[in-house]
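A short write-up of the structure that comes next.
Coordinate-derived values only; no laboratory data. Computed from a predicted structure; not experimentally measured. Virtual Cβ from ideal backbone geometry, glycine too; neighbours counted across all protein chains shown.
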Amino acid sequence: MKKIWLDSYPRGVPSEIDARAYSSLNQLLERSCARFRDATAFSNMGASITYGALDRLSRDFAAYLQKTLGLQRADRVAIMLPNLLQYPVALFGALRAGLTVVNVNPLYTASELEHQLADSGATAIVVLENFARILEQALPQTRVRHIVTTQVGDLFPPVRRALVNFAVKHVKRMVPAWRIPGATDFRDALARGAMHDLDGADVSSEDIAFLQYTGGTTGVAKGAILTHGNIVANVEQVAAWARGTLEVGTETVITALPLYHVFALTANLLVFVKLGGRNVLVTNPRDVAGFVAELRKTRFTAITGVNTLFNALLNATGFQEVAAAGRGTLKLAVAGGMAVQRSVAERWHRATGVPLVEGYGLTEASPNVCANRFDSREFSGKLGLPLPSTEVAILDEHGKESPLGEIGEIGVRGPQVMRGYWNAPQESAEAFTPDGWLRTGDMGRMDERGYVEFRERKKDVIVVSGFKAYPAEIEDVAMLHPGVMDAGAVGIPDEHSGEAVALFVVRKDPALTAEALLAHCAKHLTGYKLPRRVEFREQLPKSPIGKILRRKLKEEAARLHG
Amino acid sequence: MAEYPAHLVREHRLFDGRTVTLRPIRTEDAPLVREFLNVLSGESRYMRFQKWVHAPSDKLIHFLTDVDYDRHMALVCAARHGDHEEIVGEARYVMNADGKTCELGIVIADAWHRSGIAGLLMEGLIQAARARKFSTMEGLVLAGNAEMLHFVRALGFEAHAVSEDRRTVRIVKKL
């Protein structure tokens, strides 16, 4: 196939990357730690760690996992943390010990957590104490034997640490009571690891770095198998795309998207570690006032987010001053995960002087596939150009490449594409065409300059602020309620989150209220999957043979919404 | 009460040597149909109803088993294990509102995929629909259900994109 998009590349961006630039993420980390030893690697709530400290702490944690716990190569370690300094320490600790990381959304409910831990076969977990109670409920059905708990301030300097940990627990009361026999404190784990040597794990590009979970059509999350080679390639692809925009050793990126999601993991944490830059970790971006206060204190050169987050910043008191003060400093603002609204992009550009550059990807591709040019002067409304060493084709219904300009399923090939799904051979096989194209489930077209445009999704999936919610899972939970006869979930447009979930319900119990049903759903579904709207009906639209007509539900939802 | 179309009952020997019976469904099949749907994988159930069906409701079982063999015809494929009969697949049509065309639905137990029974069921269903003088048979298939699309194409169905909804494909066969 002809890579027509290469003619649209900015000067200086190569058409191919060296996917073997590093043998593993471990080597990437080691080189940056050696080269930028005294530079700040991560900051959070005013505290920081240098590359030198990251090297030492992650080494100690790796030695703890390897020697004290005796974990074997390729064992799975779950990390259930928000954006805190402990995250990169736990992440690199696990990778340096030759283990596979399973990122866990800390806001998961016990049943969601249980599935992910059991499916991945994780034997150890690092968890923020605030979420330990949920873990306690999920543990019995899993193989997890080693639990490391941490408190928010654990890597802060001593006095701050004591103050913050006390405040979180006793003033803000953010830690529900929990009791897990044998759990080890994070600081204790580091101290014990420090007493051991770390055996070189000799990790290669073929080793599995992550089982990165993403939703499935039948409602059960599946783990995308991402190797060190996949992720190294994607880091190189993004870094190549940023040539001429980002420089080595001087950048500061705002990391407000959660690191347990592959977008921030690759685009922020790993790309900026490669560049020797600083990641400013924002733990709770939903506290918009606190977020803006943090930005006011920080000189930052790059920021990533989703439409929801940029919109929230633009609407926040005090952000205009932050934006004005940052003119000349801020170089890059990247949005991914969900469609960017033109109005948000244009307001962002006016406020900061920097365009909002849209990228496109999916967990199965580590995740970055396409991006708009970082030197673009305006919002394109398109997903962008395929990154270096990436092929994108528009597939027809037989999985074959369509002529230019046709609409079809977006297919991806490249070194960043996953091997398949963990423990799911059938789904893994279906994820690819015989020609090796990863089926994205997104319908789109490519224009004559090679820009990919998004049209709609092929699968029944609702994307809420970049997170995928599958109707089947929501319907399953709703129908577990004894008062529900039938349920159908669809996406409705939402100005903040792109899409939100609407749930149509046929009641068995006429007295069932929306509040009661939502309370039931909240026990099983994490926040973004919760229905924004519940509608009761006498029946759901179905074809004569009994297939639900989702299109009709969507139309109805859109009418209600409009 | 419609008369049971006993002439449609057939025994078949599959290529792997197992024997199955194809027959029109009966109201007494309700417990077997419930069991059949209960053991289906979530994936298969989702493909059939295109939504999540946790446990089939009484209403659904009634709809599936109480058919008039005229506007609504259902064939089941049953396997015997000693005294016990197990439903391992079913195919049905329901007349559309126009009275001339019908919609089809088929589902096979996960363990019986690629056993050949899907082809037998479809063959029987198409024959019954022709005898009933329907002009066309059509169906809705999830666009991601490649196995089903491949299967029905081999049976002479044409696949059409549904312009308002790309998640489903409309399959059509002139009878």
Helices from chain B with mean Kyte-Doolittle at least 0.5 and a Cα length along the axis of 30 Å or more, per DSSP H: which?
-> none
Taking chain A and dividing mean pair separation by its residue count, relative contact order in percent (alpha carbons under 8 Å, at least six apart) = 13
Taking the alpha-carbon centroid of each part, what is the distance from the stretch A:443-494 to the stretch A:1-31 in angstrom?
-> 32
From phi via Karplus (6.51, -1.76, 1.60), per-residue ³J(HN,Hα) for the stretch A:144-151 in Hz, x at Gly/Pro = 5, 10, 10, 10, 10, 10, 9, 10
When the chain is fully extended, how far beyond the present Cα-Cα distance does residue B:114 get from residue B:28, taking 0.36 nm per residue of separation?
-> 28.2 nm
Note on chain B: alpha-carbon gyration tensor, axes a ≥ b ≥ c; rule is a/c under 1.5 for rounded, else prolate if a/b larger than b/c, else oblate; result rounded
Placed amide H near residue A:542: partners under 5 Å, 5+ positions off or other chain = A:549
Taking a ≥ b ≥ c as the square roots of the eigenvalues of the Cα gyration tensor of the stretch A:462-561, is the shape rounded (a/c under 1.5), prolate (a/b larger than b/c) or oblate?
-> oblate
Under unit Cβ charges (Lys, Arg +1; Asp, Glu -1), what dipole magnitude, rounded to 20 debye, does the protein assembly as shown have relative to its Cα centre?
-> 1260
Label point 7 Å beyond Cα of residue A:118 along Cβ direction - residues of the stretch A:511-541 with amide nitrogen under 20 Å | A:521-526
Could you please rank B:11, A:397, placing first whichever residue has the fewest other Cβ atoms within 10 Å of its Cβ?
-> B:11, A:397
Please identify every one of the trypsin sites (Lys or Arg not before Pro) in the stretch B:93-152 that sits in a loop by DSSP and has no more than 16 other beta carbons within 10 Å of its own beta carbon.
-> B:100, B:114, B:132, B:133
Which whole number gives the average, over all residues in B:42-48, of C-beta atoms from other chains lying within 10 Å of the residue C-beta?
-> 5
Which whole number gives the average count of other chain Cβ atoms within 10 Å of the Cβ atoms across peptide A:448-460?
-> 2
The distance between the Cα centres of the stretch B:140-175 and the stretch B:28-79, in whole Å, is 21
For the protein assembly as shown, give the share of DSSP beta bridges that are antiparallel, in percent and rounded to the nearest 5; count only bridges with both residues there.
-> 65
Final fewest-first order of B:52, A:422 on the 10 Å Cβ neighbour count is A:422, B:52
If you rank A:363, A:308 by fewest surrounding Cβ atoms within 10 Å, what's the result?
-> A:363, A:308
Ellipsoid semi-axes in whole angstrom, largest first, where each is sqrt(5λ) of the Cα gyration tensor of the protein assembly as shown | 48, 29, 25
Label the stretch A:20-371 by shape, choosing from rounded, prolate and oblate, from the square roots a ≥ b ≥ c of the eigenvalues of the Cα gyration tensor; if a/c is under 1.5 it is rounded, and otherwise prolate applies when a/b is larger than b/c, oblate when it is not.
-> rounded
Distance from the Cα centre of the stretch A:155-193 to that of the stretch A:216-291, in angstrom?
-> 26
